[in-house]
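These notes are about the structure you will find just below.
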Amino acid sequence: MKTFNFIGTPISAVTYADLYAAVDSWIEDKTSRSHNITIINAYCATLALLDPQLARIYDHSDLIGPDGMPFVYWLRYCLRTACDQFDGYSILTKLSERAKEKNYRFFLYGGDPDVVKNMKRKIESQYPYINIVGYMSPPFRPLTAEEDQTICHEINQLKPDIIFVGLGTPKQDRWIEDHIYKIRGAVMINSGALFDFVGGRIKRAPRLVSVLCLEWLYRLFSKDFRRLWYRYTILNLIFLWNFFLQVIGVKVVKRERIKRA
């Protein structure tokens, strides 16, 4: 699978055929460690550039796919290969459709209590055959060791195949890294704003807006402006500046992927 280095984070030119093959292979053994799919946008790549610990977490990922369409276009152009957009909503849609044939077991972890309930209800109404074996909205405070152990036990008892983790970046990535061996035989996906989109808290940008690479602008002027302005102004400028330096060969950040056992 071909990859391209975006200011240090290697993102794969991956298709949904690749995703299906990986998921089906990983969930065969429910006693093995879990695997994870990391979806990366400019915000994630910039945070990884500024935070070596987060960079190491991304480098451990079993599969890294492009979230935003600018990354998709760049991968297609530079690598001359097929590449699909791996945003949380598209992954949920594709795996939910495939669940009719494969009988995947889903678990939803994250979001506000009402949001995750609405998300579950909406998915089940759209895909009546889907099997969501459980959902959980954890408290915003750090969990105690006992609470975390209880959560892991409950999830393992349910034996989900696919766990959508929606705790926000980078909290969700740290949670996945910490639980990749505690939860067995599942595929964990860092899901960004997916819970808010599907749960009805915020509206998803129209497809045309995404294709035109303006989804960030649509989200910036949503109800979360105060939370997102720094991400979509300062951090995006940091990404663009460092990517420009990379393209002209002045500054290239390289890291080696570290595969898990």
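The values are calculated or read from the model by the stated rules, or taken from the named source; none is laboratory data. What you are looking at is a predicted structure, and each value in this text was computed from that prediction instead of being measured. No Cβ is skipped: glycine too gets one built from the backbone with ideal geometry, and neighbour counts run over all protein chains shown.
Quick check on THR46: is it β-branched (Val, Ile, Thr) and either assigned to a loop (DSSP other than H, G, I, E, B) or touching a Ser or Thr at 6+ places or on another chain (Cβ under 8 Å) (or both)?
Details: β-branched (Val, Ile, Thr): yes; either assigned to a loop (DSSP other than H, G, I, E, B) or touching a Ser or Thr at 6+ places or on another chain (Cβ under 8 Å) (or both): no.
When the stated conditions are applied, THR46 does not pass them.
Within the range 149-171, count every residue that is of a type outside the set (Val, Ile, Thr), touching a residue at least 24 places away in the same chain (Cβ under 8 Å) and over 25 Å from ALA42 (Cα atoms).
Of the residues in the range 149-171, the ones of a type outside the set (Val, Ile, Thr) are 149, 152-154, 156-161, 164, 166-168, 170-171.
This time we only want the ones that are touching a residue at least 24 places away in the same chain (Cβ under 8 Å), so: 152, 156, 158-161, 164, 166-168, 170.
Right, trim to over 25 Å from ALA42 (Cα atoms) and you get 152, 156, 158-161.
Within the range 149-171, residues that are of a type outside the set (Val, Ile, Thr), touching a residue at least 24 places away in the same chain (Cβ under 8 Å) and over 25 Å from ALA42 (Cα atoms) number 6.
Checking the condition of a type in the set (S, T, N, Q), more than 27 Å from ASP62 (Cβ to Cβ) and modelled with pLDDT of 95 or more, which residue from GLN149, GLN172, GLN126, GLN157 passes? Write out each step before concluding.
On the way: GLN149 fails: more than 27 Å from ASP62 (Cβ to Cβ); GLN172 fails: more than 27 Å from ASP62 (Cβ to Cβ); GLN157 fails: more than 27 Å from ASP62 (Cβ to Cβ).
Unique residue meeting the criteria: GLN126.
Within the range 150-167, count every residue that is surrounded by fewer than 19 Cβ atoms within 10 Å (Cβ to Cβ) and not β-branched (Val, Ile, Thr). Please lay out each step first, then the result.
Initially, the range 150-167 is screened for residues surrounded by fewer than 19 Cβ atoms within 10 Å (Cβ to Cβ), giving 150-154, 156-159.
Checking the rest, the ones that are also not β-branched (Val, Ile, Thr) come to 152-154, 156-159.
Matching residues across the range 150-167 total 7.
Among (1) under 15 Å from GLY192 (Cα atoms); (2) surrounded by fewer than 21 Cβ atoms within 10 Å (Cβ to Cβ); (3) small (Gly, Ala, Ser), where does ALA55 come up short?
Here ALA55 clears every test but (1).
Inspect all residues belonging to the range 134-144 and state whether any of them is surrounded by fewer than 21 Cβ atoms within 10 Å (Cβ to Cβ), under 24 Å from ALA22 (Cα atoms) and touching a Lys or Arg at 6+ places or on another chain (Cβ under 6 Å).
Start the filter on the range 134-144 by keeping residues that are surrounded by fewer than 21 Cβ atoms within 10 Å (Cβ to Cβ), which leaves 134-144.
Next cut, under 24 Å from ALA22 (Cα atoms) only: 134-135.
After this cut, where a residue has to be touching a Lys or Arg at 6+ places or on another chain (Cβ under 6 Å) as well, the list is 135.
Scanning the range 134-144, I find at least one residue that is surrounded by fewer than 21 Cβ atoms within 10 Å (Cβ to Cβ), under 24 Å from ALA22 (Cα atoms) and touching a Lys or Arg at 6+ places or on another chain (Cβ under 6 Å), so the answer is yes.
Just to verify a result, which residue in the range 62-113, among those that are assigned to a helix (DSSP H, G or I) and among the β-branched types (Val, Ile, Thr), is surrounded by the most Cβ atoms within 10 Å (Cβ to Cβ)? Full working, then the answer.
First pass over the range 62-113, keeping only residues assigned to a helix (DSSP H, G or I): 69-79, 88-102, 113.
Next, from what is left, pick out any that are among the β-branched types (Val, Ile, Thr): 72, 91, 93.
Values: VAL72: 22, ILE91: 24, THR93: 15.
Ranking the qualifying residues of the range 62-113, first place goes to ILE91.
Restricting to the range 185-205, count the residues that are among the basic types (Lys, Arg) and either touching a residue at least 60 places away in the same chain (Cβ under 8 Å) or in contact with an Asp or Glu (Cβ under 8 Å, 6 or more places away or on another chain) (or both).
The first filter runs over the range 185-205 and keeps only residues among the basic types (Lys, Arg), leaving 201, 203-204.
With either touching a residue at least 60 places away in the same chain (Cβ under 8 Å) or in contact with an Asp or Glu (Cβ under 8 Å, 6 or more places away or on another chain) (or both) added as a condition, the list becomes 201, 204.
The total comes to 2.
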